[in-house]
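Report on the structure given below.
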Amino acid sequence: MQIQSLSGKWEFRQSGTGEWLPASVPGGVHTDLLALDRIPDPFVGDNEKQVMWVAETSWEYRHTFTVDATIVSEDKVFLACDGLDTLAEVMLNGQPLGKAGNMFRQYRWEVTDLLQDGENQLLIDFPSPVAYAVSRQAERPLKTVNQFVDGGPYLRKAPCQFGWDWGPSLAPIGIWQDIRLEGCSTARLDDIHLRQQHSDDTVTVSATVEVEQWESTSLTAVMHIAAPDGTEQIAQVEIKDGTATLSIPIEHPQLWWPNGYGEQPLYQVRVVLMADGKTCDTRSYQIGLRTIELRQEKDEWGTSFVFVVNGVPVFAKGSNWIPADSFPTRISDAHLEHLISSAAASHQNMLRVWGGGFYEEERFYDLCDKYGILVWQDFIFACSIYPLDETAFLDNLLAEVVDNVRRLRHRASLALWCGNNEMEWGWAAWGWAPPDLTETEEACIAGLMQRFSWARDVFGPMQARLQPLPDWKVLRDAYLKYFHTTLPAWVAKLDPDTPYWPSSPSSNTPFEDVNGYEQGDIHYWGVWHGREPFTAYRKALPRFVSEFGFQSLPPLETVKAFAEEADWNMTSYIMEHHQRGNHGNGLIIAQMTDTYRMPKDFPSLVYLSMVLQAEGIRNGVEHWRRNMQRVYGTLYWQLNDCWPVASWSSIDYFGRWKALHYAAKRFYAPLLLSVEDEDGKMGVHVTSDLQERWEGTVRWSLETLSGQTLAQGEKTVSAGPLASTHIDTLDFGTQVSDANRREVVFVCELWQGEERLALTVTPFIPSKHLSLTDPELAVDISLEGQRVKTAVTAASLARHVELSIAGADVTFDDNYFDLPAGRTLTVTCLLPDGWDIDQVRSMFRVRSLYDSFA
């Protein structure tokens, strides 16, 4: 096969206008207009509102090219479009090729007879996705989330691009992935299905090959497999009736493991299609040798929900992934690797590719393979009712599923296919179907509303929200058929080796106990949306937590990217514009007052919001890891951002680690030291993801804020593999009272030999009531190679110590940590490019909780 790329310089214009402007492909209208300074940066201030017209308008792209001689010499030529976003009509040299209506599909058209000598012109018309959605909604209304454009579910386009509770409404339009000519002679590879058979000390890799052939001649398929050390094995077979299966046994295989459980050796597979000794086509793949299952077995709490890799149960430690930019063609390889490697650096082993975004590009899954990150892959449906009873819509979905399952099924990182995000929950609890109320309950509500204004305030909006669509039953039946029969059958045929799950959350029993604790996965949003305290997490004991979260502001440097200093106020117009969650900033402040004193200024508020977020998620994860015999996975919402915003992310849009990400590195550590505090009692636990028993020591002390030891002790630890071990529960009821509880804390450390692995500080009251004094933090900064080494010491307890270097974005190996009096903690970071150690010393900044109010 010969390839001629058509990516690069194009032209575009608004439909109906005469001016053609320069464009870049892959790209889109927004990014092309930005490059020409035709629109303001929509991420700054409220400029988003000034560019809404772009998605409400139709656009055209054109490209003039000459066909390469190598392409012309082939028997057949195809135009391959890997990503057209979203509605498109394609013409070549004035002749229509076809229409597209799905940004997640590849479109191919044969163009052999349409190409001409000299110049050829490719024209693609992109009708407005917003106009289409609105028109379809007028014909037949569907329900969706508040931030979403009405009618959005009619389009096979990333739902969040129309707006979400953390993202802007900036629906891209254009050619968002590669576009090219493919020249083929005799035959081409149509599909390759790689599978593995594991037995004893051998893994047999097989490839079932399907070809498209238009010349009658003998064909041969050859498979090459290169081991991580470069050693190659080869097999070949003659193709008969358009298909063949090859297999290669790999002796003494190097198994692929999730991050923290082993290494990630990768094998390179190449399949070559030959005809009469000449190469017709080639495909290349990267694979890891491993088995995976979703183990669901009856136990004393219901039914387990455990991912098992190579026979080993894996506690899923991770987060939810959203598109890394509202304009995905701007995501650089370096930024993408920073995000994935940061997940791995914080000991995460799973990312859930959320169903409101898109199926990610190959480079994303390459990185997950490389770093040992399992992928929970949602199909792209989220929080909406879709027209799953329409034949054309289903036909479009089938092509989408075939394209993407075939594309991803060989991935070592692929752990699960999940039908959708929160749609089953919507049908069960969001008023998409009539509420299951008795006549007595309905009469009671009606009576209350008639008598009391508060009842009208409470139940009025609820009743409006709970008005089902006239055809709700048809749509619910279509949902049930698609996600519980049709889609799992497609997946089972295309990829029988990867588990399927119908929805998230789900109990796997349609519409029943959707967020239940006995089986399946849950989304726990009581702490955020329900304004529950962080300790509420400790009352929840589900089988797997696939969403939970708490918001914070991004770092101040990120706030500066969208807000002038005059707008640095939590309730300013601009700050609220960059807060898409309902009452989000107010929820942050309300929860903050439970734990901390009100900050003295806006920079302190930013810092404290991040600390608050980290503490909240820590409470949940530590509790669930302590109960890992019952709960076997936590995926917090969310890892990343698509624009600069207040959100649930642990890494902001620019790649800056927030306090939560540093906390994740601690609470996802393979050996977790955690303390369960209640009524003056301190329960000490060590949770281990190691596959062998671990021996060490826990040392504890009851001490004053100034470092005076009131009581202390230590215990030898023998932590079982893949288990949580209760070390001791210490009762300080007689030593801590109202008279001194503001002055004392419980300090616990985990040691192995002379190395301290973890340190925790647990107060007996909310931190806002601690009698904190200036900890007089001292830093000793030196340079070791290309790493800056900083030793931090406190004269009295310093909570949530933040380190930074003004003018440089650096990632420390620890940050936002507690430092008791008299102890020293040493952290490092890379020396910023072009800096020397004196510059670092002059620009080094350190603060703690005390500085946020004093």
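The values are calculated or read from the model by the stated rules, or taken from the named source; none is laboratory data. Quick caveat: nothing in here was measured; it's all calculated off a predicted structure. Quick reminder, even Gly has a Cβ in these numbers, built from the backbone with ideal geometry, and neighbours come from all protein chains shown. The protein model used for the area step is the full one, side chains on, heavy atoms only, and it has no ligands, DNA or RNA in it. Shrake-Rupley method; radii C 1.70, N 1.55, O 1.52, S 1.80 Å.
Quick look at the numbers
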{"read-out": "Cα gyration tensor category, rounded, prolate or oblate, for region 92-246 with a/c compared to 1.5", "value": "oblate"}
{"read-out": "Residue-wise HN-Hα coupling along region 383-396, computed from phi with Karplus coefficients 6.51, -1.76, 1.60 (Hz; x: Gly, Pro)", "value": "6, 8, 8, 10, x, 6, 9, 8, 4, 4, 5, 5, 4, 4"}
{"read-out": "Segment ARG195-ASP594, extension gain: residue separation times 0.36 nm, minus the distance between their alpha carbons", "value": "138.3 nm"}
{"read-out": "Most to least packed among 770-780, 640-650, 618-628, 751-761 [average Cβ atoms within 10 Å]", "value": "640-650, 618-628, 770-780, 751-761"}
{"read-out": "Accessible area of region 746-792 divided out per residue, in Å², using a probe of 1.4 angstrom", "value": "47"}
{"read-out": "Prolate/oblate/rounded call for region 293-341, Cα gyration tensor, a/c under 1.5 rounded", "value": "prolate"}
{"read-out": "Cβ-placed point charges (K, R +1; D, E -1), dipole of region 92-187 about Cα centre in debye, nearest 20", "value": "540"}
{"read-out": "Förster radius 56 Å - calculated FRET efficiency between ARG787 and LYS240 (Cβ-Cβ, nearest 0.05)", "value": "0.40"}
{"read-out": "Net length gained if the chain between ASP395 and ALA566 were fully extended (0.36 nm per residue, minus Cα distance)", "value": "56.3 nm"}
{"read-out": "Cα gyration tensor shape of region 713-836, rounded if a/c is under 1.5, else prolate or oblate by comparing a/b with b/c", "value": "oblate"}
{"read-out": "Heavy-atom accessible area order for LYS768, LYS493, LYS157, LYS240, largest first, 1.4 Å probe", "value": "LYS493, LYS240, LYS768, LYS157"}
{"read-out": "Set of aspartates and glutamates with alpha-carbon distance to LYS789 below 19 Å, sequence-local pairs under 8 removed", "value": "GLU755, ASP780, GLU802, ASP809, ASP813, ASP814, ASP818, ASP833, ASP836, ASP838"}
{"read-out": "Set of lysines with alpha-carbon distance to LYS278 below 28 Å, sequence-local pairs under 8 removed", "value": "LYS76, LYS240"}
{"read-out": "Given charges at Cβ of Lys, Arg, Asp, Glu: the chain dipole, positive-most of HIS685, LEU803, GLY419", "value": "HIS685"}
{"read-out": "Estimated distance in nm for a label pair at SER15 and SER73, the labels positioned 7 Å out from Cα along Cα-to-Cβ", "value": "4.1"}
{"read-out": "Dipole of the chain, positive direction: furthest Cα of GLN50, THR595, PHE812, with charges on the beta-carbon", "value": "THR595"}
{"read-out": "Accessible area per residue, Å², region 216-341 with all protein chains present, probe 1.4 Å", "value": "43"}
{"read-out": "Degrees separating the helix 333-345 axis from the principal Cα axis of the chain, which is the longest one", "value": "40"}
{"read-out": "Beta bridge orientation in region 254-317: antiparallel %, DSSP, nearest 5", "value": "95"}
{"read-out": "For Rg and Dmax of the Cα atoms in Å, calculated from these coordinates, the label among (i) 28.8, 93; (ii) 36.5, 116; (iii) 28.4, 88", "value": "(i)"}
{"read-out": "FRET efficiency, 1/(1 + (r/R0)^6) with R0 35 Å, evaluated for ALA536 and SER737 via beta carbons", "value": "0.85"}
{"read-out": "C-alpha long axis of helix 453-465 to longest principal axis of the chain, angle in °", "value": "30"}
{"read-out": "Linear extension gain, THR729 paired with LEU830, 0.36 nm per residue minus alpha-carbon span", "value": "32.3 nm"}
{"read-out": "Dipole magnitude (debye, nearest 20) for the chain, charges at Cβ of Lys, Arg, Asp, Glu", "value": "1420"}
{"read-out": "Proximal charge balance of ILE173 [Cβ under 12 Å; K/R count +1, D/E count -1]", "value": "-4"}
{"read-out": "Segments 205-217, 655-667, 712-724 sorted - mean Cβ within 10 Å per residue, highest first", "value": "655-667, 205-217, 712-724"}
{"read-out": "The chain, helix-only ellipticity at 222 nm - DSSP H runs n ≥ 4, -39,500 (n - 2.57), divided by all residues, nearest 500", "value": "-6000 deg cm²/dmol"}
{"read-out": "Greater than 25 Å apart at Cα, pairs in LYS99/LYS370; LYS560/LYS600; LYS370/LYS665; LYS600/LYS658; LYS681/LYS768", "value": "LYS99/LYS370"}
{"read-out": "Cβ-based net charge around ASN421, under 12 Å, with every Lys or Arg adding one and every Asp or Glu removing one", "value": "-4"}
{"read-out": "Dipole of the chain, positive direction: furthest Cα of PRO323, VAL606, LEU849, with charges on the beta-carbon", "value": "LEU849"}
{"read-out": "Paramagnetic reach from ALA795 (point 7 Å along Cα→Cβ, amide N under 18 Å) across region 802-846", "value": "819-825, 846"}
{"read-out": "Förster radius 41 Å - calculated FRET efficiency between ILE765 and GLU557 (Cβ-Cβ, nearest 0.05)", "value": "0.80"}
{"read-out": "Backbone HN-Hα couplings from phi across region 547-556 [Karplus 6.51/-1.76/1.60, Hz, Gly and Pro as x]", "value": "8, 5, x, 8, 8, 8, 6, x, x, 4"}
{"read-out": "Environment charge of ASP46, counting only residues whose C-beta is closer than 15 Å and scoring Lys/Arg +1, Asp/Glu -1", "value": "-3"}
{"read-out": "Rounded Å value of the spacing that divides the Cα centres of region 668-700 and region 180-196", "value": "53"}
{"read-out": "Approximate spin-label separation GLU692-THR303, in nm, with each point projected 7 Å along Cα-to-Cβ", "value": "3.7"}
{"read-out": "Label point distance in nm, THR217-SER284, each placed 7 Å from Cα along Cα→Cβ", "value": "2.5"}
{"read-out": "Region 649-708 - percent of accessible surface contributed by carbon and sulfur, probe 1.4 Å", "value": "44"}
